[in-house]
Structures are given as structure tokens and as C-alpha cells.
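Quick note: the coordinates plus some simple rules give every number you see, no bench work behind them. Just so it is clear, the structure is predicted and the values come from calculations on it, not from any experiment. Here Cβ is always computed from backbone atoms with ideal geometry, including for glycine, and neighbour counts include all displayed protein chains.
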Amino acid sequence: MHGPASPGWLLVALCAATGAYCLLRMRSSVEDQRRSAGGEALMGFGMAAMAVPAAVYSPPAWAWPAYAAVFGAASLRALWVARRSPHHLHHLVGTVSMVYMAVVMARSPGHHGLHGGTGTPLVTGALLLYFTGFVLLSGMRLVPAAAVAGGGGPAGGSGGEPGGGPGGAATWGDRPELARACRLSMGIGMVAMLLTL
């Protein structure tokens with residue numbers, strides 16, 4: 001590990017891989033997964049771009065307002081969806097967090113990726129608290145899902161049905177535990193990025 005560049009590249013890789021998996025989830029036969037996968041892919045790739053170390057690439061001044069506009073539009077869409085499906089409120093918090101980070105980066109020229117800006121401590125702290133809680137809860141939810149997927153479940157469980165299809169027929173892109181792991185990865189990435197503000 002050489003300074004802040006190594007953690008920056010690890011975060012870029014994590015977020016880009018998560019975004020790529022979310023793109024594949026857009027081909028799912030499950031409508032709810034398709035609906036949320038596009039927004040999660042946008043989040044993953046946006047976070048990857050924000051995390052690129054400044055020593056490698058420093059974006060032009062117009063990039064941060066562009067990020068804020070894109071994720072502002074995504075926030076409006078997430079608000080519209082959450083109106084009917086309250087469980088999508090997490091997407092709204094994520095997109096608003098991206099707008100906040102873009103505004104902080106725009107106010108701090110010369111700071112990029114894992115180099116701290118000058119965020120508002122109250123807002124940053126509230127978002128850190130939310131995403132830390134989200135990561136811990138998501139991690140706890142993955143433990144039983146992994147145990148069931150391993151086939152060791154008690155009491156007559158058919159160990160091969162994580163995706164809901166008969167006999168475990170769901171494709172790997174439809175598996176709910178992989179979607180949870182995807183959201184967990186983005187939550188971890190968000191915590192890492194907020195810690196630098």
C-alpha cells in the first residue's frame with residue numbers, strides 16, 4: 001500500500017465490479033430486481049469514478065456539477081419510486097449522498113477521490129451513521145442467506161431455492177443474496193468515501 005492511491009484503487013475496483021453486476025441484473029426476469037438494478041449500476045459506476053485517485057486523474061471543474069445534476073435527477077426518480085414502494089427509500093438516501101459528495105468536491109478544487117474535502121460535519125456524520133447501520137444490518141441478513149444457500153438448512157428446507165424457482169432454477173443474476181451482497185458492497189464504499197469528507 002503506497003499512500004492513499006492503493007485504497008482508492010481498491011474502492012474503484014469494488015464499485016466498478018458492483019456496477020457491472022448490477023447491469024447484468026437488469027436482464028433479470030424479476031421485475032423488482034430490474035427496477036432497482038439500473039439505479040444501483042449508476043451508483044456503482046458513479047462511486048468508482050469519484051474514487052479515482054487525484055494523482056492519476058483530476059476531473060475538470062464542470063465534472064462535479066455534472067455529477068450533482070445526474071444524481072439529482074436520479075434522486076427525483078428514487079423519490080417517485082419510493083412514493084409507491086417505501087423499501088426503495090435506501091436508493092433515495094444513496095443518490096442524495098452522491099449529490100452531497102459532488103457538491104463537496106466542487107467546493108474543494110484540487111481534492112478528488114480519497115483526498116478529503118470540506119463537508120458539513122453534521123450532514124457527513126448523519127450519512128455515515130445511516131450507511132454504517134445499513135452495512136451492519138445487510139451483513140447480518142447475508143449470514144442466514146448464505147447458510148440456506150449452502151444446503152445446511154434445518155427442517156425440510158430445499159437447500160437449492162435461493163432465488164425462488166423450483167429446484168433452484170433461478171439464475172445467478174436473480175439470487176437475492178447476491179443482490180444483497182451488491183448493496184452491501186456499495187454501502188461499504190459509501191462509508192469509505194464519506195470518511196474522507
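How far apart, in nm, are the 7 Å Cα→Cβ label points at residue 66 and residue 31?
Taking the two extended label points, one gets 3.6 nm.
Modelling each spin label as a point 7 Å along the Cα-to-Cβ direction, I'd like the residue 17/residue 79 distance in nm, to one decimal.
Those two pseudo-labels are separated by 3.5 nm.
What relative contact order, as a whole-number percentage, does the range 55-103 give when Cα pairs under 8 Å and 6 or more residues apart are counted?
47
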